[in-house]
1. Is the shape of the stretch 142-237 best called rounded, prolate or oblate, per the rule: a/c under 1.5 gives rounded, else a/b larger than b/c gives prolate, else oblate, with a ≥ b ≥ c the square roots of the Cα gyration tensor eigenvalues?
2. Which of rounded, prolate, oblate describes the stretch 1-46, given a ≥ b ≥ c as roots of the alpha-carbon gyration tensor eigenvalues and a/c under 1.5 marking rounded, otherwise prolate only if a/b is larger than b/c?
3. Order the peptides 52-58, 11-17, 114-120 from the highest to the lowest mean number of other Cβ atoms within 10 Å of their residues.
4. What is the stretch 4-125 by shape, rounded, prolate or oblate, if you read a ≥ b ≥ c off the alpha carbon gyration tensor as root eigenvalues and call it rounded for a/c under 1.5, prolate for a/b larger than b/c, and oblate otherwise?
5. Could you sort 208-216, 227-235 so that the peptide with the highest average Cβ count within 10 Å comes first and the rest follow in order?
6. When only C-alpha pairs under 8 Å and at least 6 residues apart count, what is the relative contact order of the stretch 4-125, in percent?
């Protein structure tokens, strides 16, 4: 089990009161390696030096946008990025996910919820004993479907022989579908299974990540043939596959 005191968290926000509040709550919850930055430049410099596991990233910073900064931060260790922002419209949320965010938390927020989301993300990334045996052979951790292959151990998505970059949460969602092809999952079930906190997510979170999967594995993401929508029920991965 992951030791929370080993997790490096970078808080990027220009409001000192928010930084202090988050540091206090996160430290009380067991996180000890807490760092902060108030500008894009400072955040980029710290990320290069620290390689944080988690970044809490404000969107509106004095020297630029956290949305644009996100892609640069992901070049160093592929951290999990949680956007913190006062922007609450559906368009803002969708843009946050499209720019590479793993989660989107709107201000004002409960710092305990932030801590819970971080802990849930960590749990999802730990090896877990499946409640039911995967369809594929578990000793390989390789799942081949149609034109793509998912390698669980290596964290790789290969489409038509090409290695495709895949953010952690998108990979985890796709991996879940690969383990249970042909099974329909509702948005609530997917959020609970992949994000780990039932009731704290919303439809937009799952929908955006479904879209991001389709953009990687489908020939035509707008007319999916592999990751299917089952109207009124949820989503499923088409069952036909190849044995490893």
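1. Prolate, because a/c is 1.5 or more and a/b exceeds b/c.
2. On the way: a/c = 4.15, a/b = 1.49, b/c = 2.79.
Because a/c hits 1.5 or more and a/b fails to exceed b/c, the stretch 1-46 counts as oblate.
3. 52-58, 114-120, 11-17
4. rounded
5. Details: 208-216: 19.4, 227-235: 13.8.
So the order, starting with the most tightly packed, is 208-216, 227-235.
6. That works out to 23 percent.
Laboratory data are not the source of any read-out in this text; all were calculated from the coordinates shown. Quick caveat: nothing in here was measured; it's all calculated off a predicted structure. Positions of Cβ are generated from backbone atoms using ideal geometry, with glycine treated the same way; all protein chains shown enter the neighbour counts.
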